[in-house]
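Everything on this sheet refers to the single structure shown next.
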Amino acid sequence: ETGVTQTPRHLVMGMTNKKSLKCEQHLGHNAMYWYKQSAKKPLELMFVYNFKEQTENNSVPSRFSPECPNSSHLFLHLHTLQPEDSALYLCASSQEAGGPDTQYFGPGTRLTVL
Amino acid sequence: QQPVQSPQAVILREGEDAVINCSSSKALYSVHWYRQKHGEAPVFLMILLKGGEQKGHEKISASFNEKKQQSSLYLTASQLSYSGTYFCGTGYTDKLIFGTGTRLQVFP
């Protein structure tokens with residue numbers, strides 16, 4: 001238990017569906033992150049939020065839409081995904097972004113796009 | 001900018017030792033080590049700050065050579081529970097970047 005929770009843990013969706021991933025951290029951190037982890041590939045940073053403001057978008061396609069209503073919650077809204085988007089999506093948090101603070105990860109959502 | 005880890009994979013028998021290396025092309029402020037078991041979240045193991053610091057965590061320890069811009073993770077007398085993928089995260093003044101990972105498998 002790292003203090004970061006993610007729901008759902010598994011998600012199967014068609015290419016025309018719309019779904020959302022949720023992340024919540026109970027560590028009092030101010031920064032939250034979305035990562036994509038594909039098989040046999042390194043962690044790919046997608047988005048960074050610091051004090052609810054998006055500070056980094058790593059050229060992520062617009063079919064992924066993040067939302068950070070407060071420092072404890074982070075969402076990733078998904079629509080018209082492609083099969084190659086199937087992966088493990090990890091959420092992480094740290095004290096602040098823009099520095100080398102240790103990041104704590106949630107268990108991830110295993111996404112399968114049919 | 002991504003740190004390079006070596007080896008990419010290690011296979012061990014219980015009780016054997018292993019070393020995993022992490023190298024950066026840029027000056028480092030810190031190095032973070034994580035372990036991820038299949039289907040689970042990466043779990044933070046330890047952080048090393050610049051200064052040639054060495055740390056230990058049970059039978060897992062690490063060193064950080066600031067001048068060489070590299071860190072090594074030492075696993076001694078490995079146990080079955082050590083199996084997983086080990087990631088280093090290299091800390092710079094403005095961000096933390098994760099390496100490609102080293103897959104470690106320990107067999108009885």
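Each value in this text was obtained by applying a stated rule to the coordinates, not by laboratory testing. What you see is a predicted model; the values in this text were computed from it and never measured. Please note: Cβ atoms are built from the backbone with ideal geometry, for glycine as well, and neighbour counts cover all protein chains shown.
Assorted remarks:
- Any cysteine of the protein assembly as shown lacking a neighbouring Cys Cβ under 4.7 Å - listed by number: A:Cys68
- Inter-part distance, the range A:8-85 to the range B:60-90, computed on C-alpha centroids, equals 28 Å.
- Using the Cβ-Cβ distance between A:Gln95 and B:Val43 with R0 set to 22 Å, the FRET efficiency from 1/(1 + (r/R0)^6) comes to roughly 0.80.
- Other residues whose C-beta falls under 15 angstrom from the C-beta of A:His73 contribute a net charge of -1, scoring Lys and Arg +1 and Asp and Glu -1.
- Lysine pairs within chain B, Cα separation less than 18 Å, 8 or more sequence positions apart or different chains: 10
- Estimated FRET transfer efficiency (B:Lys50, A:Thr16; beta-carbon r; R0 41 Å; 0.05): 0.25
- Net charge contributed by nearby residues that have their C-beta within less than 15 Å of A:Gly98 (K/R +1, D/E -1): -3
- Qualifying aspartates and glutamates (Cα of each under 14 Å from Cα of A:Lys41; at least 8 residues distant if same chain): A:Glu84, A:Asp85
- With the simple model of a label 7 Å out from the Cα in the direction of the Cβ, B:Gln2 to B:Asp17 spans 3.1 nm.
- Counting only DSSP beta bridges whose two residues both lie in the protein assembly as shown, roughly 90 percent are antiparallel.
- Residue among B:Gly91, B:Gly39, B:Gly15 with the largest mean-square fluctuation in a Gaussian network model of chain B, springs linking Cα atoms under 10 Å: B:Gly39
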